[in-house]
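Step one of this worksheet: look at the structure below.
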2 protein chains.
Amino acid sequence: MAGKEDLKLLGLQVSPFVIRVCMALNMKGVSYDYVEEDLFNKSELLLKLNPVHKKVPVLIHNGKPICESLVILQYVDELFDGRSILPTDPYVRATARFWAAYIEDKLCPAWMGIVKAKAEEERAEKVKETLAAIEHVEVAFAQCSNGNAFFGGDSIGYLDIVLGSFLFWFEAVRRMYGLEIINTSKTPLLAAWAEQFGGSVEAKKVVPEADKAVQYANKLHAAATLATELVSSQ
Amino acid sequence: MAGKEDLKLLGLQVSPFVIRVCMALNMKGVSYDYVEEDLFNKSELLLKLNPVHKKVPVLIHNGKPICESLVILQYVDELFDGRSILPTDPYVRATARFWAAYIEDKLCPAWMGIVKAKAEEERAEKVKETLAAIEHVEVAFAQCSNGNAFFGGDSIGYLDIVLGSFLFWFEAVRRMYGLEIINTSKTPLLAAWAEQFGGSVEAKKVVPEADKAVQYANKLHAAATLATELVSSQ
């Protein structure tokens, strides 16, 4: 299947999860309409199409919604012709799914916790969790890449998209808290991979500057502070 | 692919996640060796083959490990001939993956929290989360089953396995705490489905009695109490 499908993506520019879907659609060469959501004031459409999580991305294909970025990536890969996003070998694909789940369940909440933490102690705990998780992902890279530049081999694939979508936020974390989540001494393979990923056509097309992430983090903190003030003034 | 594959499963009889894999392998008609693990004294093999999570199930296929039950289910489905476990239509498959992730990320930690809670307040919180999650799954059943007996249509499929593997633990929770997670008044569709699932050949072959789960919960509580005593006596 390819060509003129009716595709609309509800997204947010600074969301890694949305960036994943944009990359996948671009890699398949399918065009889509993009609608930016304001998560401080969610649209009726978003609330209607993703009533369970109320989150972006939501891909609307011929009027039907698909939610959750990892589910959407697999849907896009299975539905559209073009280069494969997931590995084609069943065992390699199972390994990629295992690590995607690990990145989603362990690494993601840890680094997000760094940004969202309200106290230094909480942040230190999340830093520890993030660094422990990224060491596992370094091992995953050695296992999956087999000496190539990417998790997916010599070109960008599923795990490259899943982890690569976080990189501009990792840079934002470095600017805000001085923490290098990926660095040349402790995770040298991922450091080299991050250079390659950042320089790729696929990433350059959709990944925003880290400044955007810093600005968004500041907006989140301001909203949280305001919420606290409103509660305490009651 | 079918027939004489070298398949070994590291498992635990009372683990819902292991039961999922047993059901899938049986549905595909492939034979496998089963090795019961003692999670209080994990084998060298388990620690070597699943160094990240150190958990069962681990499926060893021709010497290579696959971990995490949802990953294994998809691997088994893709590799072996026989009846499909995941839906074959890409959109229906995406919907099944969405709900499987929901059951795994929201419902599962909630009901497990009921069993593991050390204080009544904590347990009450987990009961609330479980009941909120199961209401969403009731909606999922209406959406997926399309008036049929199972999530997968007229026979057991992916979501039936994913949720059905919890049912004997739900019964254990009822016996231990008097809580009906699925009941005929609030979740009538799931209540009817649970009857069908429990009576199916597929479930009867591998799902243990709820007594086994109650015994295991008691063992977990005794170990936790012992650990607390050991710490406080230091």
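Residues in segment B:63-82 that are farther than 23 Å from B:Asn41 by Cα and more than 9 Å from chain A (Cβ to nearest Cβ): B:Leu73, B:Val76, B:Asp77, B:Phe80, B:Asp81, B:Gly82.
Might you check whether a residue that is within 19 Å of B:Leu25 (Cβ to Cβ) and either modelled with pLDDT under 95 or not charged (D, E, K, R) (or both) occurs anywhere in segment B:218-226? Looking for residues that are within 19 Å of B:Leu25 (Cβ to Cβ) and either modelled with pLDDT under 95 or not charged (D, E, K, R) (or both), one finds none in segment B:218-226, hence no. Residue pairs whose Cβ atoms lie under 7 Å apart, separated by 6 or more positions or on different chains, with the first residue in segment B:205-234 and within 19 Å of B:Ser165 (Cα to Cα) and the second outside any helix (DSSP H, G or I), are B:Pro208/B:Gln13; B:Pro208/B:Val14; B:Lys212/B:Gln13; B:Lys212/B:Val14; B:Ala213/B:Val14; B:Tyr216/B:Val14. Listed by position, the strands (runs of 3 or more DSSP E) inside segment A:1-108 whose residues that are of a type in the set (Val, Ile, Thr) and at pLDDT 95 or above number at least 2 are A:58-61. For segment B:147-192, a residue qualifies if it is in contact with a strand residue (DSSP E or B) (Cβ under 7 Å, 6 or more places away or on another chain) and either within 20 Å of B:Ile114 (Cα to Cα) or not small (Gly, Ala, Ser) (or both), and the qualifying residues are B:Ile156, B:Asp160.
Residue-wise test of (1) within 25 Å of B:Thr184 (Cα to Cα); (2) in the same structural domain as B:Gly178 (by TED's automatic domain parsing); (3) touching a residue at least 40 places away in the same chain (Cβ under 8 Å).
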| residue | (1), (2), (3) |
| --- | --- |
| B:Lys118 | no, yes, yes |
| B:Lys128 | yes, yes, no |
| B:Glu138 | yes, yes, yes |
| B:Phe141 | yes, yes, yes |
| B:Ser155 | yes, yes, yes |
| B:Tyr158 | yes, yes, yes |
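As for segment A:34-50, it holds at least one residue that is of a type in the set (D, E, K, R), buried (at least 18 other Cβ atoms within 10 Å of the Cβ) and touching a Ser or Thr at 6+ places or on another chain (Cβ under 7 Å). Taken as a whole, the condition of being without any contact (Cβ under 8 Å) to a residue 60 or more places away in the chain, of a type outside the set (Asp, Glu) and buried (at least 17 other Cβ atoms within 10 Å of the Cβ) does not apply to A:Trp169.
Taken as a whole, the condition of being within 14 Å of chain B (Cβ to nearest Cβ) and touching a residue at least 40 places away in the same chain (Cβ under 8 Å) does not apply to A:Ile19.
The values are calculated or read from the model by the stated rules, or taken from the named source; none is laboratory data. On a predicted model such as this, the values are computed, not experimentally measured, just so you know. Positions of Cβ are backbone-derived with ideal geometry, glycine not excepted, and every protein chain shown enters the neighbour counts.
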